[in-house]
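Notes follow once the structure below has been shown.
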Amino acid sequence: MKKIIIIVSVIVAIFIALAAITNIQQKQKSEGNPFGKSKIYPATQEQLDDPLYQNIILPEELEEKLDNEESATIYFYKSDCPACKKTSPVVVPMAEDMGIDLEMYNLLEFEQGWDDYDIHSTPTLVHFEDGKEVSRLENYHQDESVFSDWLEKVKETTGE
């Protein structure tokens, strides 16, 4: 009976140690992230060095822009969204080539964005003029021209 208790205790200690090590590793990976959070989701951690996911906007920054009646083009995405992973390599370079400042709002990290901006699915692109929404494009589109047409209209309205 004592052997069983010792073996179970060792197994429990190993699991606790593994959990602690994993937690420490996640915190180290999350340090200095652009989301201003001490712990971020693993899917977001994987994108920290990805050039497609560098133009991050935080909820308070977007709120401030809209309160100041500024214009903004926002790409609402989730780090773990398969459709977003297909859309980003198309839309981000396309917007950059057109000179559009496409800021990225991570709905996995900041879930309040779903309600705050009436987001129903990801990816969702929204253009704001004078702090108000004027245009929206939802979901993944296999035809890249859907994105280029939408971005072209955004460019026309901003005069960029």
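The values are calculated or read from the model by the stated rules, or taken from the named source; none is laboratory data. Keep in mind that what you see is a predicted model, and the values were worked out from it rather than measured. For neighbour counting, all protein chains shown are included, and Cβ atoms are generated from backbone atoms with ideal geometry for every residue, glycine included. These accessible areas exclude ligands, DNA and RNA; they are computed on the full protein's heavy atoms, side chains included. Shrake-Rupley method; radii C 1.70, N 1.55, O 1.52, S 1.80 Å.
Among DSSP beta bridges whose residues both lie in region 64-154, state the antiparallel percentage, nearest 5. The antiparallel proportion sits near 70 percent.
Which part of region 69-86 falls in the paramagnetic zone of residue 121, meaning amide N under 18 Å from the point 7 Å along Cα-to-beta-carbon? Residues 75-86 qualify, since their backbone N sits under 18 Å from the label point.
Rank these residues by their accessible area, most exposed first, probe 1.4 Å: 151, 52.
Values: 151 0, 52 40 Å².
Largest to smallest exposure gives the sequence 52, 151.
The 3J(HN,Hα) values that the Karplus relation (6.51, -1.76, 1.60; θ = phi - 60°) gives for region 8-22 are, in residue order, 4, 4, 5, 4, 4, 4, 5, 5, 5, 5, 4, 5, 5, 5, 4 Hz. Gly and Pro appear as x.
At R0 = 25 Å, how high is the FRET efficiency between residue 12 and residue 111 if r is their beta carbon distance? Nearest 0.05 is fine.
Values: r = 34 Å, r/R0 = 1.34.
So the FRET efficiency works out to roughly 0.15.
For the chain, a Gaussian network of Cα nodes joined below 10 Å ranks 23, 139, 106 by mean-square fluctuation, and the top entry is 23. FRET efficiency for the pair residue 152 and residue 21, taken as 1/(1 + (r/R0)^6) with r the Cβ-Cβ distance and R0 = 35 Å, rounds to 0.10.
Let me make sure I get this right: for region 15-126, a, b and c are the square roots of the gyration tensor eigenvalues over alpha carbons, sorted descending. Under 1.5 in a/c it's rounded, otherwise prolate if a/b > b/c, else oblate. Which is it? Because a/c hits 1.5 or more and a/b exceeds b/c, region 15-126 counts as prolate.
The charge dipole of the chain, taken about its Cα centre with unit charges on the Cβ of Lys, Arg, Asp and Glu (plus for the first two, minus for the last two), comes to roughly 1720 debye. Pairs with C-alpha atoms separated by more than 23 Å, drawn from the list 39/132; 39/86; 37/86; 65/155, are 39/132; 39/86; 37/86.
Rounded to the nearest 0.05, what FRET efficiency do residue 136 and residue 37 have when you use their Cβ-Cβ distance and R0 = 22 Å?
Details: r = 27 Å, r/R0 = 1.23.
My answer for the efficiency is 0.25.
Probing with 1.4 Å while keeping every protein chain in the model, the per residue accessible area of region 14-160 equals 56 Å². Surface composition of region 41-94: carbon and sulfur atoms hold 47% of the protein heavy-atom accessible area at a 1.4 Å probe.
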